[in-house]
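The values are calculated or read from the model by the stated rules, or taken from the named source; none is laboratory data. In this text the structure is predicted, and so the values were computed from the model without any measurement. Positions of Cβ are generated from backbone atoms using ideal geometry, with glycine treated the same way; all protein chains shown enter the neighbour counts.
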Amino acid sequence: MTREVWAMKQLNKPAVNQINPDKLMLSKWTAVVPQGKEKHFLLIRVKADEQSIVVTCVIEAVLTHREYEMDWQELKDNTRWLAGWL
């Protein structure tokens, strides 16, 4: 694959992260705008409702071990979160 083809594919990336809620556990995330040196996170818990539909998740900062509960859908926003540790 040439650089030009690769660059065009990068430009055509979707505006949101594609996430499978069944594979969230222990997934790795990078904050686009780190707060207080917290850039890398590990998703450590998933909370589901009575129908086993994922509602919220808990992420842990790798550096400080602080935990944050959030709506798992927020991870789809690629202006705030990137999948993996970058």
Some residue of the stretch 41-52 being outside any strand (DSSP E or B) and in contact with a helix residue (DSSP H, G or I) (Cβ under 8 Å, 6 or more places away or on another chain): no
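If you take the residues in the stretch 1-46 that are β-branched (Val, Ile, Thr), modelled with pLDDT under 80 and within 15 Å of the chain's Cα centre (by Cα), which one is farthest from residue 61 (Cα to Cα)? Talk me through it step by step, then tell me what you get.
Step one: of the stretch 1-46, the residues β-branched (Val, Ile, Thr) are 2, 5, 16, 19, 30, 32-33, 44, 46.
Narrowing further to those that are modelled with pLDDT under 80: 2, 5, 16, 19.
Keeping just the survivors that are within 15 Å of the chain's Cα centre (by Cα) gives 16, 19.
Values: 16: 22, 19: 20 Å.
Ranking the candidates gives 16 first.
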Residue count, the stretch 52-82 (criterion: touching a Ser or Thr at 6+ places or on another chain (Cβ under 8 Å) and loosely packed, with under 15 Cβ neighbours inside 10 Å): 3
